[in-house]
Amino acid sequence: MRRSDVNVSDDAAILFLSAGNAGLISPLYALAGELLRRGVRPVWFASSDERAEGIRELSGVTPINFYSLGPYRPEFDPANWSDAVYHQVNRTSRLRGFAAFMEQVMDSEYAEERYRRALAAIDHVRPGLIVVDLNSPWAIDAAQTRGVPYVVNVATPISYAFSERLPMSFPGPLSGLPRTMTGRQRVTNVAFKILRLGALLASRKALDNMRFYRRRHAQGLKNPGSLLSRYCDEAEVVLGNSVFGIEYPFSTAPADVRMVGTLVPETRERPERHRELFEWLDAHPSTIYIGLGSMMRLSEQQSAALVAAISRLAQRHHVVWSLAAAQQRLLPCELPPNLRIETWVPQTEVVAHPHVRLFITHGGNGAHHGLYFGKPLLVLPHSWETRDLAVRLMDGGAALMVEDVYSLTAEEIVTKVDRLLTEKSFTERADHWRRRLVEAGGVRAAADLVLAHRPASRADDTSTA
């Protein structure tokens, strides 16, 4: 019998630990939901307060327990940054943008606070296994301090986790460079890797970070430098949310990395509160979905360019656009009749709809949702960090990319949308990656691995091939 067919209950608790970032926590939602669907218990989820409702909604027949890690500080949410900070992070060079981002989000006091809260969560739950996002290093520190085995989930390109171990020829994380580079790009790549380290050392917070390192070392933390690769080395297993081929393969990838593909719920139901939206999708056989994430902040010019492009597509396609209320005020007064605006949509269910033919994305982790359901992608990489995935998706043959999001034009959007929907190669490659991602196992494979490493499960594993 396969473990995935067995209901596991009354066993060692599984504790999910994560910060509240939407792109990083949503795969863990899917994984926790799969464990609950199988009847696994007890399952706990510890995150910041604003995630409490979403976590509790995961409960079905099997309940989930929420543990508060306290309020999320609004200054770490890009939605709350000033225009000056936002543009400094996203509209300068990738190197200066990286440096500006790190200065904005690095806060040793807050990191120590989250570490203490994570310790309290572990002491309260007393889990047998922790599942944690790699971008929550304070949570992994807590797991190591308490000696609890943990599984790491990596929603970003897996190469980010092993940046210092990558071959010199591999494109540096956050460089936005492709796998096959010109001579000039190879020189740029080497320079970027060196200068990125220099940017950190020259940061206004460099001295504070050095003191933070010394405090962590004095506390006896296993990984005082917070090297992601060292966190992965100590993990029971590392879950990569993609497949090699989309992510560039590299020879130094450790054996305990399992590329399980996109983590989305295997069972999908149309939410009743969005019934009208799905009835609208049912009625429009050629629909484009625009979902630009929670971090992209459009200008009036960009909004106008997108609306003008949608208007020019009116005879052929309808468009549903998930756009935060604060961003909707930048839209032109008159909107084309083929456009439907929603403040929020259940993205997985929308992208899975058979009438959705194309996904316009900012290139964040949610872009994998499009490929998981075989949809070509038009990528608008608005920041220094999203261009990495954009070039990977383009190299995979299922996507096109807008070169300069800040000089966006309706003509470029329409031209690339037409290519994606009329040139057969894009739909063929999207279907290829759909098959590869499904074969990787997704949330089912991830849940199998979590249960295989649950301490109380090891001695009585009766699964067979």
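So here's what we get for this one:
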{"read-out": "Cβ pairs under 7 Å, 6+ apart, first in segment 439-460 and at pLDDT 95 or above, second among the polar types (S, T, N, Q) and in a helix (DSSP H, G or I)", "value": "ARG444/SER4; ALA447/SER4; ASP448/SER4; LEU451/SER457"}
{"read-out": "Breaking point among (1) part of a strand (DSSP E or B); (2) closer than 17 Å to ARG114 by Cβ, for VAL151", "value": "(2)"}
{"read-out": "Qualifying residue in segment 100-107 (condition: more than 30 Å from PRO265 (Cβ to Cβ), out of contact with any Pro (no Cβ under 9 Å at 6 or more places or on another chain) and in a loop (DSSP other than H, G, I, E, B))", "value": "yes"}
{"read-out": "Conditions (1) at pLDDT below 95; (2) assigned to a helix (DSSP H, G or I): number failed by ARG419", "value": "(1)"}
{"read-out": "Enumeration of residues in segment 34-54 that are surrounded by 18 or more Cβ atoms within 10 Å (Cβ to Cβ), within 21 Å of the chain's Cα centre (by Cα) and at pLDDT below 95", "value": "SER48, ARG51"}
{"read-out": "Filtered residues of segment 270-283 (kept if touching a residue at least 24 places away in the same chain (Cβ under 8 Å) and surrounded by fewer than 18 Cβ atoms within 10 Å (Cβ to Cβ))", "value": "ARG270, PRO271, HIS274, TRP280, ASP282"}
{"read-out": "Residue in segment 114-123 that is of a type outside the set (Lys, Arg), surrounded by fewer than 22 Cβ atoms within 10 Å (Cβ to Cβ) and within 20 Å of the chain's Cα centre (by Cα) present", "value": "no"}
{"read-out": "Matching entry among THR262, THR267, THR348, THR252 (being assigned to a helix (DSSP H, G or I) and either surrounded by fewer than 14 Cβ atoms within 10 Å (Cβ to Cβ) or in contact (Cβ under 8 Å) with a residue 60 or more places away in the chain (or both))", "value": "THR348"}
{"read-out": "All positions within segment 363-381 that are part of a loop (DSSP other than H, G, I, E, B) and either over 18 Å from LEU306 (Cα atoms) or open to solvent by less than 10 Å² (accessible area, probe 1.4 Å) (or both)", "value": "GLY363, GLY364, ASN365, GLY366, PHE373, GLY374, LYS375, PRO376, LEU380"}
{"read-out": "Single match in SER175, SER136, SER169 (criterion: open to solvent by 20 Å² or more (accessible area, probe 1.4 Å) and either closer than 22 Å to GLU236 by Cβ or polar (S, T, N, Q) (or both))", "value": "SER169"}
{"read-out": "Residue that is least open to solvent (accessible area, probe 1.4 Å), among those in segment 154-166 that are under 20 Å from ASN189 (Cα atoms) and either of a type in the set (S, T, N, Q) or not in a helix (DSSP H, G or I) (or both)", "value": "SER159"}
{"read-out": "Test: ILE360 is crowded, with 20+ Cβ neighbours inside 10 Å, at pLDDT 95 or above and on the phi < 0 side of the Ramachandran plot", "value": "yes"}
{"read-out": "Index of the failed condition, GLY60 passing every other in (1) at pLDDT 95 or above; (2) open to solvent by 30 Å² or more (accessible area, probe 1.4 Å)", "value": "(1)"}
{"read-out": "Criterion: part of a helix (DSSP H, G or I), touching a Gly at 6+ places or on another chain (Cβ under 8 Å) and open to solvent by less than 10 Å² (accessible area, probe 1.4 Å) - qualifying residue of LEU389, LEU393, LEU451", "value": "LEU393"}
{"read-out": "Residue, modelled with the highest pLDDT, within segment 196-211, restricted to residues that are open to solvent by 90 Å² or more (accessible area, probe 1.4 Å) and assigned to a helix (DSSP H, G or I)", "value": "ARG211"}
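The values are calculated or read from the model by the stated rules, or taken from the named source; none is laboratory data. Everything numeric in this text was worked out from a predicted model, so none of it was measured. All Cβ positions, even for glycine, are placed from backbone atoms using ideal geometry, and neighbour counts span all protein chains on display. Surface accessibility is based on the protein's heavy atoms, side chains included, excluding ligands, DNA and RNA. Shrake-Rupley method; radii C 1.70, N 1.55, O 1.52, S 1.80 Å.
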